[in-house]
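Enquirer: My questions all concern the structure below.
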Amino acid sequence: MKNFPDQSTVIAQLSQSQLPAALEAAQGRMKKKVLGAEEALKGRVKRVIIADGRIQNPIVKALSGKGTVIQ
């Protein structure tokens, strides 16, 4: 989210070049998710999707477009 905790500001997509700014803006446990995504991409993973673990079926929903995609 650009403006945590405003649900309407969920970021749908980020590029690797946007990760430093995302890390700066991230709060709480989201920082660890962004760091993990960055590490995975450096390890040649092509795409990372961060899902909302607070909702029912987060993986299915993330894969259908309801997560943040980082490439």
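Enquirer: Give segment 45-71 a look and list any residue that's of a type in the set (A, V, I, L, M, F, W, C), at pLDDT below 95, part of a loop (DSSP other than H, G, I, E, B) and surrounded by fewer than 16 Cβ atoms within 10 Å (Cβ to Cβ), or say none.
Expert: 55
Enquirer: Got a number for residues in segment 4-44 being loosely packed, with under 10 Cβ neighbours inside 10 Å, more than 11 Å from the chain's Cα centre (by Cα) and assigned to a loop (DSSP other than H, G, I, E, B)?
Expert: Within segment 4-44, residues that are loosely packed, with under 10 Cβ neighbours inside 10 Å, more than 11 Å from the chain's Cα centre (by Cα) and assigned to a loop (DSSP other than H, G, I, E, B) number 7.
The values are calculated or read from the model by the stated rules, or taken from the named source; none is laboratory data. In this text, all values refer to a predicted model and were calculated from it rather than measured experimentally. Every residue, glycine as well, gets a Cβ built from its backbone with ideal geometry; the counts of neighbours run over all protein chains shown.
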